[in-house]
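What follows is one structure encoded as structure tokens, with my remarks underneath.
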Amino acid sequence: MSQTEDMRVQLKLVLDAHPDAVWAALRSPAVLAEVARPFFSFEPLSPRGLPKTWTEGPHPMRARALFDLVPAGEQVIDIRFHEHGDVRIVEDAGGPVSGPLAVITGWRHRMAVSPAAAGRTLYRDRLDISAGLLTPLVWIGTWAFWQWRAFQLTRLAPGWRDAR
């Protein structure tokens, strides 16, 4: 993947929840489902289903788009966790493997949580994607979806206070 094909979508938010609560939420497949709806839904391909909390490693999924009306193909959510001082990071190095979203040929998604003032959380979300000549079109759709994610995360975060 050449650097000229890569594009980046980023969020930087201060969430109204304690970093421990936000960290617990990011590790929850249920929160992924909640922030993605109604644009995307995910169904595990493993007969064991999804863990209550994400575990490191690959999680094959079937994706549907637009209120579950459009099959979007299969995707692997490949989770890794990192800590650097008081910054905790969830990294997804998976990506689409079939269906319409498979035009995306490069995918690296990182979400970072760190303390902010007054018990709040600095949340940073970065996706580097590439799709060859289609990268600019894919970026537009991804950017729009990331704005929805920002809205959903901001809306849901105050309810995560009890997750500590």
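With the condition kept exactly as written, say whether any residue in segment 19-34 is more than 15 Å from the chain's Cα centre (by Cα) and open to solvent by less than 20 Å² (accessible area, probe 1.4 Å).
yes
Taking segment 104-139, which residues are closer than 17 Å to residue 40 by Cα and open to solvent by 60 Å² or more (accessible area, probe 1.4 Å)?
139
Hey, does segment 12-31 have a residue that's touching a residue at least 24 places away in the same chain (Cβ under 8 Å), of a type in the set (A, V, I, L, M, F, W, C) and within 20 Å of residue 99 (Cβ to Cβ)? Spell out the reasoning first.
At the first step, the residues of segment 12-31 found to be touching a residue at least 24 places away in the same chain (Cβ under 8 Å) are 12-29, 31.
Subsequent filtering for residues that are of a type in the set (A, V, I, L, M, F, W, C) retains 13-15, 17, 21-26, 31.
Imposing the further condition that a residue be within 20 Å of residue 99 (Cβ to Cβ) reduces the set to none.
Checked against the condition, which is being touching a residue at least 24 places away in the same chain (Cβ under 8 Å), of a type in the set (A, V, I, L, M, F, W, C) and within 20 Å of residue 99 (Cβ to Cβ), segment 12-31 yields no hits at all.
Out of the residues in segment 35-54 that are touching a residue at least 40 places away in the same chain (Cβ under 8 Å) and not in a strand (DSSP E or B), which is most open to solvent (accessible area, probe 1.4 Å)?
Result: 39.
Against the conditions (1) open to solvent by 70 Å² or more (accessible area, probe 1.4 Å); (2) farther than 23 Å from residue 153 by Cα; (3) not aliphatic (A, V, I, L, M), where does residue 57 fall short? Just the number, please.
So residue 57 meets the others, but not (1).
Applying the selection to segment 1-34, what residues are in contact with a Ser or Thr (Cβ under 7 Å, 6 or more places away or on another chain), charged (D, E, K, R) and assigned to a helix (DSSP H, G or I)?
5
Is one or more of the residues making up segment 66-82 closer than 30 Å to residue 18 by Cα, surrounded by 15 or more Cβ atoms within 10 Å (Cβ to Cβ) and out of contact with any Pro (no Cβ under 9 Å at 6 or more places or on another chain)?
Taking every residue of segment 66-82 in turn, none turns out to be closer than 30 Å to residue 18 by Cα, surrounded by 15 or more Cβ atoms within 10 Å (Cβ to Cβ) and out of contact with any Pro (no Cβ under 9 Å at 6 or more places or on another chain).
Could you figure out which of (1) at pLDDT 95 or above; (2) surrounded by 17 or more Cβ atoms within 10 Å (Cβ to Cβ) isn't true of residue 152?
If we test residue 152 against (1) at pLDDT 95 or above; (2) surrounded by 17 or more Cβ atoms within 10 Å (Cβ to Cβ), just (2) comes out false.
Here are some conditions: (1) on the phi > 0 side of the Ramachandran plot; (2) within 14 Å of the chain's Cα centre (by Cα). Residue 132 meets all but one. Which one does it not meet?
Among (1) on the phi > 0 side of the Ramachandran plot; (2) within 14 Å of the chain's Cα centre (by Cα), the lone unmet condition for residue 132 is (2).
This table checks each residue for (1) of a type outside the set (Phe, Trp, Tyr); (2) in contact (Cβ under 8 Å) with a residue 12 or more places away in the chain; (3) assigned to a strand (DSSP E or B); (4) in contact with a helix residue (DSSP H, G or I) (Cβ under 8 Å, 6 or more places away or on another chain).
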| residue | (1), (2), (3), (4) |
| --- | --- |
| 114 | yes, yes, yes, yes |
| 139 | no, yes, no, no |
| 146 | no, yes, no, no |
| 150 | yes, yes, no, no |
| 154 | yes, yes, no, no |
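The values are calculated or read from the model by the stated rules, or taken from the named source; none is laboratory data. Note that this is a predicted model, so its numbers are computed, not measured. Quick reminder, even Gly has a Cβ in these numbers, built from the backbone with ideal geometry, and neighbours come from all protein chains shown. These accessible areas exclude ligands, DNA and RNA; they are computed on the full protein's heavy atoms, side chains included. Shrake-Rupley method; radii C 1.70, N 1.55, O 1.52, S 1.80 Å.
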